[in-house]
């Protein structure tokens with residue numbers, strides 16, 4: 001993790017993200033996705049600073065931050081808990097990109113990963129980020145919450161003539177997480 005090859009890979013290997021995915025996957029218990037009630041914060045205390053939750057509204061589509069972990073708030077420089085993504089301080093293009101990532105997880109009702117630069121935080125565009133977004137559903141079909149884990153880190157030192165990473169996030173709709181590819185309902 002950390003070099004340019006891993007940023008371009010479809011594999012997620014960061015231990016925090018792998019642990020979050022394995023926790024979510026274990027809570028499915030034969031279902032396509034777990035319910036919010038299946039998620040017990042007391043079982044994932046070490047992960048909580050990196051966890052976020054987004055409520056999914058429909059007609060019109062609306063994504064609202066339900067929870068943002070302290071490590072995420074720290075690198076964002078602000079706490080958007082309780083705010084819709086399009087009502088944050090992000091500019092419209094940045095909000096649209098973040099909504100696109102969440103919409104991908106909602107539409108597929110499967111885990112989605114993303115990697116890239118923290119393009120949506122002024123002054124921190126040089127930082128790298130990785131995230132895993134996983135759906136939750138009350139009825140087993142309709143995604144009503146996305147639970148995710150996100151990490152941000154400094155890029156590796158680069159040679160003087162090495163190109164910097166392209167700004168933005170790459171969505172990985174079928175990620176390999178900790179060596180496993182999601183296989184749908186167990």
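Of the residues in the stretch 4-16, at least one is touching a strand residue (DSSP E or B) at 6+ places or on another chain (Cβ under 8 Å), part of a helix (DSSP H, G or I) and at pLDDT 95 or above. Out of curiosity, is residue 172 modelled with pLDDT of 85 or more, in contact with a strand residue (DSSP E or B) (Cβ under 9 Å, 6 or more places away or on another chain), more than 23 Å from residue 81 (Cβ to Cβ) and surrounded by fewer than 21 Cβ atoms within 10 Å (Cβ to Cβ)? In short, no.
Of the strands (runs of 3 or more DSSP E) contained entirely in the stretch 60-165, not one carries at least 3 residues that are under 21 Å from residue 35 (Cβ atoms) and modelled with pLDDT under 90. Can we say residue 58 is farther than 18 Å from residue 132 by Cβ, exposed (fewer than 12 other Cβ atoms within 10 Å of the Cβ) and either without any contact (Cβ under 8 Å) to a residue 24 or more places away in the chain or out of contact with any strand residue (DSSP E or B) (no Cβ under 9 Å at 6 or more places or on another chain) (or both)? Spelling it out, residue 58 is indeed farther than 18 Å from residue 132 by Cβ, exposed (fewer than 12 other Cβ atoms within 10 Å of the Cβ) and either without any contact (Cβ under 8 Å) to a residue 24 or more places away in the chain or out of contact with any strand residue (DSSP E or B) (no Cβ under 9 Å at 6 or more places or on another chain) (or both).
Of note, residue 34 does not satisfy the criterion of being touching a helix residue (DSSP H, G or I) at 6+ places or on another chain (Cβ under 9 Å), exposed (fewer than 15 other Cβ atoms within 10 Å of the Cβ) and in contact (Cβ under 8 Å) with a residue 24 or more places away in the chain.
Looking across the stretch 27-44, the residues that are under 18 Å from the mean Cα position of the chain (by Cα) and part of a helix (DSSP H, G or I) come down to 36, 41. Does residue 48 fit the bill of being part of a helix (DSSP H, G or I) and either within 15 Å of the chain's Cα centre (by Cα) or at pLDDT 90 or above (or both)? Against the criterion (part of a helix (DSSP H, G or I) and either within 15 Å of the chain's Cα centre (by Cα) or at pLDDT 90 or above (or both)), residue 48 qualifies.
The values are calculated or read from the model by the stated rules, or taken from the named source; none is laboratory data. Keep in mind that what you see is a predicted model, and the values were worked out from it rather than measured. Cβ sites come from the backbone with ideal geometry, for glycine too, and all protein chains shown count toward neighbours.
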